[in-house]
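Here's the structure, in structure tokens; my notes come after.
The values are calculated or read from the model by the stated rules, or taken from the named source; none is laboratory data. Since this is a predicted model, take the numbers as computed values, not measurements. Heads up, the Cβs are rebuilt from the backbone with ideal geometry, glycines too, and the neighbour counts pull from every protein chain shown. Surface areas here come from the heavy atoms of the whole protein model, side chains and all, with no ligands, DNA or RNA. Shrake-Rupley method; radii C 1.70, N 1.55, O 1.52, S 1.80 Å.
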Amino acid sequence: MHPSLVLWDWNGTLLDDVDLCVDALNRLLARFHYPQRYDKTQYREIFCFPVQDYYVRAGFDFSRTPFDELARSYMEDYIPASAACPLADGALEALDLFSGAGVRQVVLSASRRDTLEQQVSQRGIRSRFDRLLGLEDIYARSKVDIGLAYLREEGFAPDRAVMIGDSVHDAEVAAAMGVPCVLQCAGHQSRSALQVSGVPVTGSVLEASRRILT
């Protein structure tokens, strides 16, 4: 039985911003005088949630520079640069698959809500989504509460929804909501990192979508 609702992660799932995030991390390291730099493969191995833990993995010392200052500096660089990021390969086709199947679509993101609205609208796909669910601040903490509130408000049983994401955190969020999850490994975390989640891992957002609808 097909789901009635798909909860999409945004960054790294529908929005292909991984290369930008690698560059932004390296610029942040340079800005605060750290010597280490990361390539895309290394980045995908250290990326995780909460973001504080990812920054520690990258080698930042919060006693030297507080996390809040690092996060603000990162977003001041990332947000304007993100205007050039494309949608992920197959994202439009995946959205069309769910639309054609009569499945409601929502974005559930750790991005700040105003950033999410801007990024989705810039790409001409705002009308595809019933709601854009984002956080209130830039510190990218959990999105469980806003997802659960939406399910309650709209009367969706969790087992009639499905989440598609690109991080172990997405699987954790889905589990906390009681929602099935399929991950795709073309985003911010590698296949090997994702496989510890115990949920299905596919090669792309389109492959994930086809798996759910077959």
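Pop out the carbon and sulfur fraction of the accessible area of the range 89-193 as a percent, whole number, probe 1.4 Å.
48 percent
Express in nm, to one decimal, how much length is gained between Val144 and Glu93 on full extension, taking 0.36 nm for each residue of separation and deducting their alpha carbon distance. Can you show the working numbers first?
Numbers: separation 51, 0.36 × 51 = 18.36 nm, distance 2.70 nm.
Using 0.36 nm per residue and subtracting the Cα-Cα distance, I get 15.7 nm.
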Ignoring ligands and nucleic acids, Glu76 exposes an accessible area, probe 1.4 Å, in Å² to the nearest 10, of 140 Å²
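If you wrap the chain's Cα atoms in a convex hull and average its projection over all directions, what's the area in nm²?
Mean orientational projected area (the chain, Cα hull): 11.0 nm².
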Debye equation applied to the C-alpha atoms of the range 52-150, log10 I(q)/I(0) at 0.13, 0.23 Å⁻¹: -0.58, -1.27
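Leaving out ligands and nucleic acids, and using a 1.4 Å probe, what accessible area per residue does the chain come to in Å²?
Details: 9290 Å² over 214 residues.
Spelled out: the 1.4 Å probe surface of the chain, per residue, equals 43 Å².
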So, in nm, how far is label Arg123 from label Asp19 when the simple model puts each one 7 Å beyond its Cα toward the Cβ? 1.5 nm
The FRET efficiency for Asp61 and Ala176, from their Cβ-Cβ distance with R0 = 35 Å and rounded to 0.05, is 0.70
On a 1.4 Å probe surface of the protein chains, which of Asp23, Asp166 comes out largest in accessible area, and what is the full order? Asp23, Asp166
Chymotrypsin sites (Phe, Trp or Tyr not before Pro) within the range 30-87: which are DSSP loop residues with at most 15 other Cβ atoms inside 10 Å? Phe32, Phe62
Where labels lie 7 Å past Cα in the beta-carbon direction, separation of Ala83 and Asp159 in nm: 4.8 nm
